[in-house]
Amino acid sequence: MSGSAHKSVRVGRPRGEAAVSHEAIMDAVYGLLEEKPARELTMEAVAKRANVGKPTLYKWWPSKAALIMAMFHERLDQPLEIPVTATAEEAIRARMRRLIRVVNGLFGKVVGELIAEGQSDPEILREFYERHVSLRRASAVAEIERGKAAGEFSADTDAELLVDAIFAPVYYRLLLRFAPLTEKYGNGLIDQVLLGVRMNQRLSSPKGRRELRRKSE
């Protein structure tokens, strides 16, 4: 991210009669994105389908990127509830199951198109990162840190890199579409990545036993 002083526009949900128009607009954006790529969606098309004027759209959303992200946030990006009793690994697996499930639907289509359009419109990538990726990334990093504190993962684990290693391949497959995104694939990713950081596995390996002996001497 750049050091720009630009900030995301946050618009409160309208009430009363305006709320009816708001829902109609969200319905219009949702429906249009089911039918066509994000790059072909226009403010004119949304206004026409929602039966509102373009000034109404620009009153609440300053750009197409902001409008798409508003719909994405309200209709496709629901928060994941993880039990407080879940271990860090269980929380990560729950996140992976949810991600695999949603990227195989409209969520995945829109995400792929947002990333693609963002190559020529950085505002879209900025909105997508700030309103979606950064929040979930911070939560996943916090879960890794919790796992480190509980002795679930080794203390020298880099939580940021671990999150990248686990979840980035899902977006890789989503964008290139060279293989299906399945729950089995997600579980396999987690199994492979965690091999090097699970404390019980590290201590049971020859290298782990040597490290443990050195620390005890």
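The values are calculated or read from the model by the stated rules, or taken from the named source; none is laboratory data. For clarity, every value in this text was computed on a predicted model and none was experimentally measured. Backbone-built Cβ (ideal geometry, glycine too); neighbour counts: all protein chains shown. The accessibility values were calculated without ligands, DNA or RNA, using every heavy atom of the protein model including side chains. Shrake-Rupley method; radii C 1.70, N 1.55, O 1.52, S 1.80 Å.
Laid out as a table, the results:
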read-out	value
Residue in the range 143-152 that is modelled with pLDDT of 95 or more, open to solvent by 30 Å² or more (accessible area, probe 1.4 Å) and either under 17 Å from the mean Cα position of the chain (by Cα) or closer than 17 Å to LEU99 by Cα (or both) present	no
Pair list, Cβ under 9 Å, 6 or more apart: the range 157-169 residue on the phi < 0 side of the Ramachandran plot and open to solvent by less than 50 Å² (accessible area, probe 1.4 Å), other residue outside any helix (DSSP H, G or I) and β-branched (Val, Ile, Thr)	THR157/VAL197; LEU162/VAL197
Only listed residue being at pLDDT below 95 and in contact with a Pro (Cβ under 9 Å, 6 or more places away or on another chain), chosen from GLU113, GLU40, GLU74	GLU113
Members of the range 31-83 found to be assigned to a helix (DSSP H, G or I) and either polar (S, T, N, Q) or in contact (Cβ under 8 Å) with a residue 60 or more places away in the chain (or both), listed by number	LEU33, GLU34, ALA38, ARG39, THR56, ALA65, ALA66, MET69, PHE72
Unique residue being small (Gly, Ala, Ser), out of contact with any helix residue (DSSP H, G or I) (no Cβ under 7 Å at 6 or more places or on another chain) and touching a residue at least 60 places away in the same chain (Cβ under 8 Å) when the list is ALA116, ALA138, ALA94, ALA142	ALA116
